[in-house]
Amino acid sequence: MLEPMVQWIQSSRNITVLSGAGISTASGLPDFRSRGGIYDNHLNVEAILSESYFYSKPKQFWVYFKEIFQFEQLEQYKPNPGHHFVRLLEDMGKSVTVVTQNIDGLHQQAGSSHVLEVHGTLNFACCPKCKRQYDRKHLMQEAIPRCTEDGFILKPEVVLFGGSVKHMEASFAAAYDADLFIAMGTSLQVSPVNGLPGYAARNRNSKMALINREPTSMDSLFDLVIHADIVDTVEQLQSRLSIS
């Protein structure tokens, strides 16, 4: 089943990878929309993680934000073979664009050089007034992180409900321009990111592969669909490609 994908990787020059929560769960990060995730608990997550809640109750927002995303534990999560496999594609001389729905920064930790974080990142926050950016180390120093220049409460670089996703124009361009489009660990339910496979399919010369544990409503768009564990799959691919 993997042979077509091995051949596509070998023959491609431009690869676009769309990654979702499923690539990070192997690193121990919870899939927040799965059973037992934050959507199952007592918090009204969409109301709290919203632009309106941040601007109306910024202090309480940060208390919930750090609880929801388990800020104290973020340092323990490391890239897994799925992230490293994407980076190894670059080592093969491929031009790789990663479009990720994840906000954990694990693709960058693995060494991927071109990552479009469409839902933002947990690793930074900025001052709404002066736009100065601060890293996660600064965010951990105080319960309510503030700008050292003007004292304003910082706003996380995560895309909140009511906000606009980032890098979508570049993401659609990367999807269309790819010789090989790979979706990994995504249910393809969240818009507008779930529009990328359809856009990639417009390029008649490209190949499309999906690696996801469960079927999606867009399986029929892909030339190859693999319903399996990501880590197991990429380790098999890596072995057949003879890269390490």
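The values are calculated or read from the model by the stated rules, or taken from the named source; none is laboratory data. All of these numbers come straight from a predicted model, not from anything done at the bench. When we count neighbours, we look across all protein chains shown, and the Cβ atoms used for this are built from the backbone with ideal geometry, even at glycine. These accessible areas exclude ligands, DNA and RNA; they are computed on the full protein's heavy atoms, side chains included. Shrake-Rupley method; radii C 1.70, N 1.55, O 1.52, S 1.80 Å.
Remarks
- Full-extension gain in nm, Gln133 to Val63, via 0.36 nm per residue minus C-alpha separation: 23.2 nm
- Cβ-based net charge around Tyr134, under 10 Å, with every Lys or Arg adding one and every Asp or Glu removing one: +2
- Bridges between two residues of the chain, per DSSP, are antiparallel at a rate of about 25%.
- Cα gyration tensor shape of the stretch 36-158, rounded if a/c is under 1.5, else prolate or oblate by comparing a/b with b/c: prolate
- Over 29 Å (Cα to Cα) - which of Lys94/Lys129; Lys94/Lys166; Lys131/Lys207; Lys94/Lys155; Lys66/Lys207 fall in this group: Lys94/Lys129; Lys131/Lys207; Lys94/Lys155; Lys66/Lys207
- Given R0 = 35 Å, the distance between the Cβ atoms of Met92 and Arg204 translates into a calculated FRET efficiency of 0.90.
- Gain upon complete extension [Tyr77, Asp150; 0.36 nm per residue less C-alpha separation]: 23.0 nm
- Estimated at 0.36 nm per residue, the fully extended path between Glu51 and Asp177 surpasses their Cα-Cα distance by 42.0 nm.
- Surface share of carbon and sulfur [accessible, 1.4 angstrom probe, percent] for the chain: 46
- Dipole magnitude for the chain: computed about the Cα centre from +1 point charges on Lys and Arg Cβ and -1 point charges on Asp and Glu Cβ, it is near 480 debye.
- Square roots of 5 times each gyration tensor eigenvalue, C-alpha, the chain, largest first, Å: 34, 18, 17
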